[in-house]
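Remarks on the structure that follows.
Taken together, the values in this text are just the output of simple stated rules run on the coordinates, not laboratory data. Keep in mind that this is a model prediction, so the values were computed, not measured. No Cβ is skipped: glycine too gets one built from the backbone with ideal geometry, and neighbour counts run over all protein chains shown.
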Amino acid sequence: MFVAVCGMQRSGSTFSFNIVREILKRRGGVSFAAVASTASILDVTQEKNLILKNHDLDEMGVALLKVGAMKGICTIRDPFEAIESWMEVFGFSLEQSMIDYGKWLTSFQAIQHDVLILRFDLIQDRPVVAIWKIARYLGFTLSPMEVLRLWRGYQKKSISKLSNELSGGSDKTVDIGFSYYDKENFFHRRHVRLDKNIQLTPLEREQVLCQVPGLKQFCDTFFRN
């Protein structure tokens with residue numbers, strides 16, 4: 001099975017990636033990579049299953065989803081909250097964040113009818129339901145014990161503990177300049193946003209809405225209430 005986890009930044013995509021990874025690891029084994037090129041991930045295939053994780057699927061990835069050769073899971077979040085978190089955790093400017101989220105939105109518009117869409121609030125407030133939805137989408141029925149194991153391993157406090165224990169320069173982490181992340185689970189240092197020191201002003205929110213093409217329609221469709 002070939003699965004792309006291609007959610008919005010800071011929307012629970014790494015949680016979803018790990019649920020997919022854990023499920024497939026027990027069902028034939030799994031290879032995975034966080035890369036931009038869909039073609040390049042085929043070089044890492046060593047197991048029965050393969051996961052591609054990124055925030056901006058290329059043309060090949062979109063085509064594979066369209067013909068059903070790859071499954072896709074896309075997490076979404078209120079974009080203003082997501083941008084605030086993106087800026088807080090990784091230190092990006094508002095201008096860079098608008099570029100990053102604009103790229104993701106362009107990708108999402110091409111695949112939204114071909115993927116399982118999961119909202120961040122579902123992942124945060126009802127993670128067991130999110131786990132069940134992912135498993136069902138992949139075609140598996142999990143035992144209650146497996147669901148419990150996944151919930152315990154990837155609940156917010158567990159992720160916070162994992163990410164806070166990461167150290168840069170370790171052979172278990174990948175340094176990408178502005179951050180570093182675990183090679184296996186892809187959680188970044190300080191992955192869980194503990195503080196909310198950055199909050200967009202009404203003027204900044206209006207700027208984001210006006211300058212990111214298609215964002216108003218996205219908000220109206222998925223976050224009207």
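Every residue, every condition in (1) within 29 Å of residue 99 (Cα to Cα); (2) in a helix (DSSP H, G or I); (3) in contact with a Gly (Cβ under 6 Å, 6 or more places away or on another chain), yes or no:
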site: 16; (1), (2), (3): yes, yes, no
site: 20; (1), (2), (3): yes, yes, no
site: 32; (1), (2), (3): yes, no, no
site: 43; (1), (2), (3): no, yes, no
site: 60; (1), (2), (3): yes, yes, no
site: 64; (1), (2), (3): yes, yes, no
site: 72; (1), (2), (3): yes, no, no
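Here are some residues: 75, 106. Which one is buried (at least 20 other Cβ atoms within 10 Å of the Cβ), among the polar types (S, T, N, Q) and either within 24 Å of residue 223 (Cα to Cα) or more than 14 Å from the chain's Cα centre (by Cα) (or both)?
On inspection, the qualifying residue turns out to be 75.
Of the residues in the stretch 150-172, how many are outside any loop (DSSP other than H, G, I, E, B) and in contact (Cβ under 8 Å) with a residue 12 or more places away in the chain?
Number satisfying all stated conditions: 10.
Being charged (D, E, K, R), part of a helix (DSSP H, G or I) and touching a residue at least 12 places away in the same chain (Cβ under 8 Å): is that true of residue 196 here?
Taking the combined requirement at face value, the residue does not satisfy it.
Give me a count of the residues in the stretch 83-92 that are in contact with a helix residue (DSSP H, G or I) (Cβ under 7 Å, 6 or more places away or on another chain) and either among the hydroxyl-bearing types (Ser, Thr, Tyr) or assigned to a helix (DSSP H, G or I) (or both).
Looking only at that region, the number is 3.
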